[in-house]
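Here is the structure we will look at, set down as structure tokens.
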Amino acid sequence: MKALIVNLNLAIDKTVKVSAFRPGRIYRFADTLTQPGGKGVNVARALKELGGRPLISGFVSGHNGRWIEESLRRENYQSLLARHCAGESRICYSIVDAAGVSTDLNEEGPAVPAAIQNLLLKKLRKKAGAFQAAAVCGRVSAGLKKGFYVRLIRALKQAGCFAALDVSGGSLKEGLEGGADMVKINKSEFEEISGLGLSPRGIRRFFGKYAPCGLKALIVTSGSGPTLAVSQFGLWEVLPVPLRRVENSVGAGDSFMAGFIFGFMKGLAFEANLKLASGCAASDCLTLGSGLISRREAETLAGRVEIREL
């Protein structure tokens, strides 16, 4: 099952574990987890563990970009990248304490030249038809032309892809207007774009606004709180799996997206799909790195997910 993962602002992710983190101190690390990253890469990593075949697409630049490209190749990921020389691909740092609380320091990354933006869109239009589903995830790249996400989502849909979206702010609004089929965002992102508090009434109202554009499902996660999911068939509340420990919750939402995409490609019913996605998110919380899950563990945890229709 092949899935296209669009992670425009690719990164080098560096994650370290400390017993406690306090500002103003010097920390030295014996081990650092260094991986190609960005939300979409996390999705691809979890999707691959589930048995999917992801292709990763995005922008890379400079020496960091070459490292990202080479590392994806070493990890046996297919990629469709647009390279430029306008700066260095970003580096993102996560410092995780003993309680699993992460302090994140994320570079924004360089502005992408207009010609390179057009080049990537051209590549995606040629390749998208080979994929059943596409997930557009992650931080927006600097310098993107207005309407980029509208053109991107429309290109994916014209190629026959189910287009899932996990971005924020203006990019999210453009993607919705472009006709995204599914949106998965967190509570703060929902409240920012909708101007509404997260509630069954609020999520129904927002879904109704964009359903005429093509939106078929809206999922809003809220960390350790319940997830709300609405589609044309109803509204559900999903309770997170109770965990005895949390190694690192960063990336759990990306593993949720991976589980949902995989379930969609397998043809699971919506409720079963939500359970699998929640199981993947829980499995991610038990590992230090983002997008690192165990398929067996995710499927076991999915069986413990409580879900009810509202």
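What the table shows:
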| read-out | value |
| --- | --- |
| Cα gyration tensor shape of the range 25-88, rounded if a/c is under 1.5, else prolate or oblate by comparing a/b with b/c | oblate |
| Surface/4 estimate of mean projected area, convex hull on alpha-carbon atoms of the range 198-243, nm² | 3.2 nm² |
| Net charge dipole size for the range 176-219 [Lys, Arg +1 and Asp, Glu -1 on Cβ; Debye, nearest 20] | 260 debye |
| Inter-site label distance for Glu306 and Asn118 at 7 Å from Cα along Cβ, in nm | 5.6 nm |
| Residues Met1, Met257, Met265, Met182, sorted so that the one with the fewest Cβ neighbours within 10 Å comes first | Met1, Met265, Met182, Met257 |
| Chain lengthening between Ser199 and Arg25 when straightened (0.36 nm per residue, less Cα-Cα) | 58.5 nm |
| Unsatisfied cross-links (Cα-Cα over 30 Å) in the set Lys2/Lys184; Lys184/Lys266; Lys122/Lys275; Lys17/Lys48; Lys123/Lys275 | Lys122/Lys275; Lys123/Lys275 |
| Total charge dipole magnitude, the range 11-115, about the Cα centre, Cβ charges on Lys, Arg, Asp, Glu only, Debye to nearest 20 | 140 debye |
| Entry for Cα Rg over 2.2 N^0.38 Å (calculated from the structure that is shown) out of [x] 1.01; [y] 1.15; [z] 0.95 | [z] |
| Debye, to nearest 20: dipole size of the chain, +1 on Lys, Arg Cβ, -1 on Asp, Glu Cβ | 780 debye |
| Efficiency of FRET from Cβ geometry, Arg125 and Ser71, R₀ 25 Å, rounded to 0.05 | 0.40 |
| Dipole of the chain, positive direction: furthest Cα of Ile293, Gly138, Phe190, with charges on the beta-carbon | Gly138 |
| Calculated P(r) of the range 13-167 - Cα pairs past 19 Å, % | 59 percent |
| Relative contact order [Cα under 8 Å, 6+ residues apart], the chain, whole percent | 17 percent |
| Label-zone membership for the range 136-160, site Glu177, 7 angstrom Cα→C-beta point, backbone N under 11 Å | 146-151 |
| Share antiparallel - DSSP beta bridges, the range 2-309, percent rounded to 5 | 40 percent |
| Within the chain, helix-based [θ] at 222 nm, where runs of 4 or more DSSP H residues each add -39,500 (n - 2.57), nearest 500 | -12000 deg cm²/dmol |
| Gain on full stretching of the segment that runs from Ala86 to Glu237 - 0.36 nm per residue minus C-alpha separation | 49.9 nm |
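Coordinate-derived values only; no laboratory data. Owing to the predicted nature of the structure, the values given are computational and were not obtained by experimental measurement. Virtual Cβ from ideal backbone geometry, glycine too; neighbours counted across all protein chains shown.
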